[in-house]
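J.: Sending over a structure as structure tokens; questions will come in a sec.
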Amino acid sequence: MTEVKQTVIEKLKQDKKLEKIETESKEIKAKIKELFFVQKEAIEDLNKVTNKKEIEEIKIKYLGKKGPIMQMYSTMKALNGEEKKELGFYINHLKEILTEAIKEIQISLEKEELEKKLEKEKIDITLPAMQIEVGAPNILEKLVEEVEEVFLSMGYDVVDGPEVEEDKYNFEMLNIPKGHPARDAQDTFYIEGEEILLRSQTSPVQIRTMLKGEGKTPIRMICPGKTYRRDDDDATHSHQFMQIEGLLVDHDIHLTDLKGTIDIIAKRLFGEEIETRFRPSYYQFTEPSVEVDISCFNCKGSGCNICKHTGFITIAGAGMVHPNVLSMSGYDPKEWSGFAFGFGAERMAMLKYDIHDCRVFYNTDLRETRIFDRKDSDKND
Ligand SMILES: [Zn+2]
């Protein structure tokens, strides 16, 4: 802008038409001298101008209705024809050169302000992009969701229950009376006396569901959730862990139904080529009880570290619901039968995703958990 302004001002200064007056009339001479002072003053004002607002003000000051040029025109009324012509020539000249000068500076200022604005709004594409952290669900959460989908597709309900539980639902109604040695293996955290505790298994949700069914409604449910036991934390133990238990109660339910169900789950979660195997076991709330093995998905049965060279991996405990449990919950064991099963979510996730330390599920260390990012595991699926 400075350059344009200086050129315009220089041009105005060079214009000496109003200085070298050729006239006989004293009156006209005085008026033209007045115009010359207006020219000089305008040059000074234009020299100081720095923005659009200021140039607009100058335009009004000199070329506006109340400006010196318009006022000079109004004094022409009193003059005779020749004088009018003479003065008119000089007024027109000043008007012309000021209009042009102001216009040039105005255009230059507008251009400059636009450039400044564009510069300010310019996006620097060489700047590094902002890093966006993308979160991922906890690996256990993801596993539970997967299991839920399988069971929902088979018509099961997903049921929630309290984590702070009564001894009655956590033990007694599951055929584990006070003083029973099985309680030792499930030593938990007591909240109030010996009656209120953190549930050591999700089985109490099954009891609550059966009580709701009042011995009349068939049941098909799973109840994934957190459970607690007084364990020292290490690579394979945690004082908090997750179970995915399920229960089916109906008429004419047999061990083969349990086997078929478990078989489908194993295949859906670990692959179609997976085989299941039942081994006799013992639980207080099922009779008969079994342990569920699946053929090793890693070595296909030939033996490896994961299956400890047996070709099979234990993934669940299961069995036919004990008649005592059925009757305590209001279902007549002569009429009703059912099966129950329980998976350890951590164990399943450790097998499925080749995780060697279960503490990783509960740590918030991103360096560890990021490895099991959902996106990555989906790619492997
Ligand atoms: Zn193996």
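Values in this text are rule-based calculations from the coordinates and carry no lab data. Bear in mind the structure is a predicted one, so any value in this text is a computation, not a measurement. Please note: Cβ atoms are built from the backbone with ideal geometry, for glycine as well, and neighbour counts cover all protein chains shown.
J.: Picking from Thr23, Ile196, Gly260, whose Cα lies most toward the positive end of the charge dipole for the chain (charges on Cβ: Lys, Arg +1; Asp, Glu -1)?
T.: Thr23
J.: What length, rounded to one decimal in nm, is gained on full extension from Ala185 through to Tyr73, with 0.36 nm per residue of separation minus their alpha-carbon distance?
T.: Details: separation 112, 0.36 × 112 = 40.32 nm, distance 11.22 nm.
Full extension from Ala185 to Tyr73 adds 29.1 nm.
J.: Once Lys and Arg get +1 and Asp and Glu get -1 on their Cβ, which of Gly67, Gln6, Ile125 lies farthest toward the positive end of the dipole of the chain?
T.: Towards the positive end, the residue furthest out is Gly67.
J.: For Thr286, what residues show an amide H to amide H distance below 5 Å, using hydrogens built from the backbone and excluding near sequence neighbours?
T.: Answer set, sorted by chain and number: His322.
J.: Please list, by residue number, every one of the GluC sites (Glu not before Pro) in segment 98-142 that is coil in DSSP and has at most 16 other beta-carbon atoms within 10 Å.
T.: On the way: sites: Glu100, Glu104, Glu110, Glu112, Glu113, Glu115, Glu119, Glu121, Glu133, Glu141; in loops: Glu133.
When the GluC sites (Glu not before Pro) of segment 98-142 are filtered for loop state and at most 16 Cβ neighbours within 10 Å, Glu133 remain.
J.: Something else now. Lysine pairs in segment 249-367 with Cα distance under 26 Å, only those 8 or more apart or on different chains: how many are there?
T.: Final tally of qualifying lysine pairs is 11.
J.: Rounding to the nearest 10 and keeping the result within 0 to 90°, find how far the Cα-based axis of helix 139-153 lies from the longest principal axis of the chain.
T.: Roughly 70 degrees, rounded to the nearest 10.
J.: Which value, in debye to the nearest 20, gives the size of the charge dipole of the chain about its Cα centre, when Lys and Arg are +1 and Asp and Glu are -1 at the Cβ? Walk me through the numbers before you get to the answer.
T.: Working: 56 positive and 72 negative charges, 585 e Å.
About 2820 debye.
J.: I need the shape label for the chain. Rule: rounded when a/c is under 1.5, else prolate if a/b > b/c, else oblate, with a, b, c from the alpha carbon gyration tensor. It would help to have the intermediate numbers written out before the result.
T.: Numbers: a/c = 5.52, a/b = 4.28, b/c = 1.29.
Verdict is prolate for the chain.
J.: With r as the distance between the Cβ atoms of His239 and Ile196 and R0 = 25 Å, compute the FRET efficiency 1/(1 + (r/R0)^6) and round to 0.05.
T.: Values: r = 18 Å, r/R0 = 0.70.
Plugging the Cβ-Cβ distance into 1/(1 + (r/R0)^6) gives 0.90.
J.: Can you figure out the FRET efficiency of Asp250 with Glu149, using R₀ = 25 Å and their beta-carbon distance, to the nearest 0.05?
T.: Result of the calculation: an efficiency of 0.65.
J.: What is the calculated FRET efficiency for Asn92 to Thr126, with r their C-beta to C-beta distance and R₀ = 51 Å, to the nearest 0.05?
T.: According to the calculation, E is roughly 0.40.
J.: For the pairs Lys31/Lys52; Lys11/Lys59; Lys17/Lys84; Lys5/Lys40; Lys48/Lys111; Lys52/Lys116, note any where the Cα-Cα span goes beyond 24 Å.
T.: Working: Lys31/Lys52 31 Å; Lys11/Lys59 18 Å; Lys17/Lys84 17 Å; Lys5/Lys40 15 Å; Lys48/Lys111 18 Å; Lys52/Lys116 13 Å.
From Lys31/Lys52; Lys11/Lys59; Lys17/Lys84; Lys5/Lys40; Lys48/Lys111; Lys52/Lys116, over 24 Å: Lys31/Lys52.
J.: Let me ask something else about it. Across every pair of different alpha-carbon atoms, what Kirkwood hydrodynamic radius in Å does segment 72-174 reach? Walk me through the numbers on the way to the answer.
T.: Working: mean 1/r = 0.0415 Å⁻¹.
Kirkwood hydrodynamic radius for segment 72-174: 24.1 Å.
J.: May I ask for the Rg/Rh ratio of segment 2-121, computed from Cα atoms with Rh as the Kirkwood radius, given to two decimals?
T.: Across segment 2-121, the Cα-based Rg/Rh ratio is 1.07.
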